[in-house]
Amino acid sequence: MHDLDRLVASLAPDPGPGMTPTARELMDEITARPVTAQARAPRRRRAWAAVPVLATLATLFSFGVAQAPASAALDIRLVDGDYVITVKDLMAEPEVYQRELKARGLDITLAVVPTSASQAGQIFVLHDLDRLRAGQAVPAEGPITTIDAPGSCERSGGCPIGVKVPADFDKKARITLGRRARPGEKYKMPPGIAMPGEPLHCVAYVNKTVAEVAAMLRERGVTPAYVADWQHAQPSAPAGWYVHDGVMSADGEALLLVGPEPRAEEQTSEPRC
């Protein structure tokens, strides 16, 4: 089983057949995002982009475009042949988003999922689901693009504030947007524990022992759980085992992938800060 499958399956056990190839690639991209601008080498570049999203574009597009209804969950505006889309209501039911997108002739699934404060506003775009599910290559630069915020930006991936979709877009796409998790809510977009804003940012934790990494996390107010060849996460693991990877699973909670041997050296990446 793929290493990240074990982490994700332990976050939200599913009686079904497991992660689809598309879901696996999305998780690869999430956990491979750099610790700093180039802190972790991405495992593989895929056909989606991560973009921070603000709640509205009203101040940017206030002249010459159709306004969204006040009750709409999405702000969808037709600008020069493209739909400019942002989320107005992060807590709307999924079918509300789909209905508003379908009304524009867009076969786009939008999922707004809980995540950490550092990942809130991140969005991952799968541009052509049919081709991806068929195992075909999809160009990294898809027809769905982003709109950058004016001014300076401190994020390595840029600071876009919206998604732009051609009005004649005729493919199936999926957009996953991270929102701040509510108290007690498990993350569905789990960030790596060494990503910026997370507890072990700029800490070389891979191939340290369970005892060492658990101590570092607890010093930072984070309670670890563990997964190896078990079906579900466990509250403890042998202290002398090694940590291969880790994600945040909720506020103040981490899930560590562990094993009796160190992770292969060629797979190990150290943070550069």
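The table below gives the values:
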| item | result |
| --- | --- |
| Extension gain (nm, one decimal) between His232 and Val113, 0.36 nm per residue minus Cα-Cα | 40.7 nm |
| Under the Karplus curve 6.51 cos²θ - 1.76 cosθ + 1.60, θ = phi - 60°, whole-Hz ³J(HN,Hα) for the range 100-107, x wherever Gly or Pro sits | 6, 6, 5, 4, 9, x, 9, 8 |
| Residue-span extension gain [Ala239 to Ser152] - 0.36 nm each, minus C-alpha spacing | 26.8 nm |
| In sequence order, calculated HN-Hα J values of the range 182-187 (Karplus, 6.51, -1.76, 1.60; Hz; x Gly/Pro) | 7, x, x, 8, 6, 6 |
| Electrostatic dipole magnitude of the range 163-273 [Cβ: Lys, Arg +1; Asp, Glu -1; Cα centre; debye, to 20] | 620 |
| Probe 1.4 Å, protein heavy atoms only - accessible area per residue of the range 178-232 in square angstrom | 47 |
| Amide H contacts of Ala181 (H built 1.01 Å from N, under 5 Å, at least 5 apart or other chain) | Thr115 |
| Karplus (6.51, -1.76, 1.60) ³J(HN,Hα), θ = phi - 60°, over the range 163-179, in Hz, Gly and Pro reported as x | 10, 10, 10, x, 4, 9, 4, 10, 9, 8, 9, 9, 10, 10, 10, x, 10 |
| Set Lys102/Lys164; Lys88/Lys164; Lys102/Lys188; Lys102/Lys172 screened for pairs whose C-alpha atoms are more than 23 Å apart | Lys102/Lys188 |
| Heavy-atom accessible area per residue - the range 89-140, 1.4 Å, Å² | 47 |
| Under-5 Å amide H pairs with Val222, H placed in peptide plane, nonlocal only | none |
| Length gained when the stretch Glu185-Arg218 is fully extended (0.36 nm per residue, less Cα-Cα span) | 9.9 nm |
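The values are calculated or read from the model by the stated rules, or taken from the named source; none is laboratory data. Bear in mind that the values here come from a model prediction, so they are computed numbers and not experimental data. Here the Cβ is made from the backbone with ideal geometry for all residues, glycine too, and neighbour counts use every protein chain on show. What goes into the accessible areas is simple: the full protein's heavy atoms, side chains included, and nothing from ligands, DNA or RNA. Shrake-Rupley method; radii C 1.70, N 1.55, O 1.52, S 1.80 Å.
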